[in-house]
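Written below as structure tokens is the structure these notes are about.
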Amino acid sequence: MKKVRKIILLLFVFFQFAFLFLQRPNVVDTASLTAASATLSNSRLSYRAGVATGTTGTSTVDIDTSGFSDNNTNHLFPNDVLCFADSGFAGCSQQKTYTVNNIIDADTFQLTSALSASLGANDLAIATQSGSLTLSFTTTAEIPTAGDILVTIPMADNASGNDGFPDTTASVTTGGFDLNAIAATDISTTGCTDANWVATETIAVGSGTTDHTIRVDRQTSACAASSAITITIDSAPGIVNPPPITSGHTQGGADVYAINIKTRDGSDNTLDEIDVKVAPVEAVLVSATVDETISFTVAGVSSSSSTCGKTTDVTTTAYSVPWGTLINTDTIHYGSQQLTVSTNADGGYSVTIEENDQMGKNGGACSGASAGESANCIEDTTCDGAACTESTSADWATATNNGLGFSLANQSGTDASFLYNESSRTFSSRQIADQEASETKATVISNAGPVSGSSAYVCYGISISGTQPAGYYFNKVKYTATATF
Amino acid sequence: MKVKSQKSKVKNATKNLKLVLIFILATLFLILNTPSVFAQQSIPLTASPARQEILVDPSEQQTINVRFLNQGDSPISGIIRVADFIVDNKDGIPRILEDSSQASPKYTASTWIKSNFDRITIASKDNVLLQFNIQVPENARAGGRYVAIFFEPEGIVPQETGANQEAGSGVSTRLASLLYIRVSGEISEQAMISRFFANGFAEFGPIMVETDILNRGDYHIRPKGVLALVNPFGSVVAQEKLKEENIFPDTLRTFENELGSKYMLGRYKITLTAAYGETGQSMSRSIFIWVIPWRIILIIILAIIIIWFILKNMKKKTSKNSGSLKKELEIEKQEIEKLKSQLKKRAD
């Protein structure tokens, strides 16, 4: 009887311990995953502002200055793609996205194209920022077969966290990322024999206050401790970054979100765990303005130089062509200047030439386009066969065809509007546009695009007859350099 | 032995002297043959920006800056002027209007712009930043106004020496910075493709297409367009962007594009669709062209005909030969039959 009592007592104690063991099992100690990191390929916060006005047919949009994630245009840049969505997020207005052309002021921006429909007062201007997310870590404990990795990505509370629109909240604790309808094919897991991880990860889109989770199951064999593992959500479509939190956010400061990674055994007991931080932040627009410039140099050319197929007789300066005494009559005297242009203007440049009048004795007026010797003028040459004007060139080889004219030769580039040797001529020439006679200024060199150091010689020729009245003849020639309109 | 080495030394020295002389002569030739430019006699100027665009409201006051740089070794003095300009050509070359009364008041604004300087001197390797105040009249019409701000070093008429027949030209230089002013307000935006031309028939591609776009609006436009070449089966085989260039109001601008490859065949359609303006206006036009490499086609047809003739002749010859062979065979057969019958007779 005593023996029976002892057995009963022993059994009672045994069952007590057994009950306690089964009812309250030892908690497995979890360790922390090591070398853990989360990397966003695009760490820029999404842009989400309220629309104040935006009228159909116009390209400017005003935004609300309070009550939204973004209350100014500081975080919106040229070339950002915008979607104007209503508060129900039923797609973009008119199923159309727009591109930001430039930022006009703190609450106005301009689009590259006009709005095809007026925007509503409750509409939102949204520039979604999305990209890939890469999670890397090293396990501390072994993940057994049938174990898994569970990634928890924060989602904005009570938002539609899978529609591709960035979701706004007041604080980081209630905010998070939009999964943007990613699929298992967008996720890859590497490390610890890639093929032993399930190919089709389990994605659970968050709802209410529950965050998104992605579960990667271990299928064929255990993953040893100290294994380096990388989980990547690719950038197409990529998860959508949240906009700035609506309360307590400082522009330029990051909103820091925690992504939880845990490894689990087959019974979903946590083996290792860590919270890795990601910090989306407003981007900084780095820009430099390069002004369009135009550089123009006029330079003199010394005598006895060979330009336009002729040897110059006089030394010119940038300010003058001093013909001096024209001792030999019915002889063409030559003098040249060099013009050089550089510009980064995309439309190029042009240089025109004009003269205030034909050469008049002591600067006297030479009325009309062909005031000659009888009017005490050295008239503009009409070249051989009276064939050239300020816009038409002709050969000028016969010195008895007196007057003043010019030709052109490229020194660097091909910008001269005509050439001294065109059409097998020896000195193809034109008149200088006479402003006294209201002639149209003619282009001497031009280019339809940017140039660097395009250069040409302007080669002047002058010839007088033996009956030219004695005196000092002069006029003023002017070059005008501008960018092309 | 000694004499021999001295001789070779003299020979070497002569050779070196010759080389030096050749070098000096070549250098002299190059120096004399190159037109010498007087560095100190040049006017190297830069204007920045070359073009700028501003938006103003009626009765608004605004300031713009223009910088002129002197990259030369000597100071340069000259006048600063503001003048209206227009564009009256297809190449977009601005024409500065010396007298603002010549200009259509629709596009002028030179009288709105004031500067504290009308004459400046820019030190060597230095620049001058000039500020211009724009006072927009209250009743300013919405649209574009176009102004050139230029620096003009003064030309010097060469000194007279008192000779009998003496001449000289003073040369002055103007370097302009262009300013496009957009007066805010409702404007008319209207442009059209006034000419869309390509040769109706071509032997080979690519096809040269000329497009004239006429801007009938109140402000300059910068059309963005694409030319597409559609083959006879309706597929787009080539696309070319229209060069983005400004078109002055009431002015045409000509664009040239090349489309397609060298070898094309059939009736092609060329279309141009372009967008312009602030309100998303568009314009489009299309033409049809034929591309037939007729010489190549002619050569192929001739080659086919020649080959056909050759084959026909060959066939004829072959059939002729076989006919004669048949005849010969027939004769041979008859002869054999004859011989057979003769042999039979003999045997009988």
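The numbers here are math on the coordinates, done by the rules we state, and not lab data. Remember, predicted model here, so these are calculated numbers, not experimental data. Glycine also receives a Cβ, built like all others from the backbone with ideal geometry; neighbour counts cover every protein chain displayed.
Details
- Length gained when the stretch A:GLN16-A:SER302 is fully extended (0.36 nm per residue, less Cα-Cα span): 91.1 nm
- Only Cα sites of segment A:160-259 enter the Debye sum here, all with the same form factor; the resulting log10 I(q)/I(0) across q = 0.19, 0.24 1/Å is -0.96, -1.22, listed in q order.
- Calculated FRET value between A:THR60 and B:ASN199, using beta carbons and R₀ = 41 Å, to 0.05: 0.40
- Relative contact order [Cα under 8 Å, 6+ residues apart], chain A, whole percent: 13 percent
- Across segment A:159-230, C-alpha contacts under 8 Å between residues 6 or more apart give a mean separation that, scaled by the residue count, equals a relative contact order of 28 percent.
- Radius of gyration (Cα atoms) of segment A:437-485, expressed as a multiple of 2.2 N^0.38 Å: 1.70.
- Whole-Å distance, taken between Cα centres, linking segment B:171-216 and segment A:130-149: 61 Å
- Only Cα sites of segment B:144-221 enter the Debye sum here, all with the same form factor; the resulting log10 I(q)/I(0) across q = 0.11, 0.14, 0.19, 0.27 1/Å is -0.69, -0.77, -0.93, -1.18, listed in q order.
- Per-pair calculated FRET efficiency, R0 = 30 Å: B:SER124 and B:GLN62 via Cβ, rounded to 0.05: 0.40
- Efficiency of FRET from Cβ geometry, A:SER391 and A:SER423, R₀ 22 Å, rounded to 0.05: 0.90
- On a per residue basis, the convex hull of the C-alpha atoms belonging to segment A:360-448 measures out at 111 Å³.
- Counted over the protein assembly as shown, the DSSP beta bridges are approximately 90% antiparallel.
- For chain B, built as a Gaussian network whose Cα springs stay under 10 Å, the top-fluctuating residue of B:GLY234, B:GLY200, B:GLY168: B:GLY168
- Separation in nanometres of the label points that stand 7 Å from Cα toward Cβ, at B:ASN164 and B:VAL226: 7.3 nm
- Shape class of segment B:118-250 from the alpha-carbon gyration tensor: oblate, with a/c at 1.5 or above and b/c at least as large as a/b.
- Taken over segment B:182-333, the percentage of Cα pairs per 10 Å bin, counting from 0 up to the bin with the maximum distance, is 10, 27, 18, 13, 9, 7, 6, 5, 3, 2, 0, 0.
- Rel. contact order, % - alpha carbon contacts under 8 angstrom, at least six apart, segment B:67-168: 40 percent
- Pairwise Cα inverse-distance average, inverted: Kirkwood Rh of chain A (Å): 30.0 Å
- Among B:TYR180, B:TYR263, B:TYR219: highest mean-square fluctuation, GNM of chain B, C-alpha pairs under 10 Å: B:TYR263
- The gain in end-to-end length when the A:THR200 to A:ALA183 segment is fully stretched comes to 5.2 nm, 0.36 nm per residue minus the alpha carbon separation.
- Whether the protein assembly as shown is rounded, prolate or oblate, judged on the alpha carbon gyration tensor where a/c under 1.5 counts as rounded: oblate
- With only Cα atoms counted, chain B has Rg and Dmax values of 40.9, 147 Å.
- Cα gyration tensor category, rounded, prolate or oblate, for segment A:77-129 with a/c compared to 1.5: prolate
- Most fluctuating residue given options B:GLU98, B:GLU138, B:GLU203, as computed from a GNM of chain B linking Cα atoms under 10 Å: B:GLU138
- Of A:LYS96/B:LYS106; B:LYS320/B:LYS340; A:LYS441/B:LYS114, those spanning more than 32 Å from alpha-carbon to alpha-carbon: A:LYS96/B:LYS106
- Spin-label model distance (nm) - A:VAL4 vs A:LYS96, 7 Å beyond Cα toward Cβ: 9.6 nm
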